[in-house]
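Below you'll find the structure, written out as structure tokens, and then a few comments.
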Amino acid sequence: MNRQRDKQINFRLSSDELEIFNKNVEKSKLKKSEYLRRCILEKEIIVIDDLKELVMEMKILSSNMSNMLSSTDNKSEVKELMAMKQELNAVWKEVVKSLRRVND
């Protein structure tokens, strides 16, 4: 649904309120207008700190596990690595689910 946003509102804040507002907007990594829209529509604002670092670490772990799996013939190691890879995939799914909630 593509709505036309042609209405504008203006309001005043105290210095303290403005400081809190600006900190919250910055923390949310949203534009001020999007932050306010989400507040008005009572949408959850989720902040995931260090997301890029988390994704990078998970990619490295996944790659390392794949390399280890391809280089071992030990059945117990393969079994353990497969279990770890399944757990990592479950974490990936939760991260993706959280990101979808953030973007809704």
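Readers should treat all values here as calculations from the given coordinates under stated rules, not as data from a laboratory. If you're wondering where the values come from, they're calculated on a predicted model, not measured in any experiment. Neighbour counts are summed over all protein chains in view; Cβ atoms, including those assigned to glycine, are modelled from backbone coordinates with ideal geometry.
Using only C-alpha atoms and all pairs of different ones, pull out the Kirkwood radius for the stretch 51-103 in Å with one decimal.
Numbers: mean 1/r = 0.0830 Å⁻¹.
With all distinct Cα pairs of the stretch 51-103 included, I get 12.1 Å.
Equivalent-ellipsoid semi-axes for the chain (Cα gyration tensor, √(5λ), whole Å, largest first): 45, 15, 10. Legend: ranking of residues Glu19, Glu44 from fewest to most surrounding C-beta atoms inside 10 Å; resulting order Glu44, Glu19. Rounded to the nearest 10 degrees, the inclination of helix 15-28 to the longest alpha-carbon principal axis of the chain is 30 degrees. Summing Lys and Arg as +1 and Asp and Glu as -1 over all other residues whose Cβ lies under 12 Å from the Cβ of Ser66 gives a net charge of +2.
Along each principal axis, taking the top coordinate minus the bottom one, the Cα set of the stretch 1-55 gives 39, 36, 16 Å in descending order.
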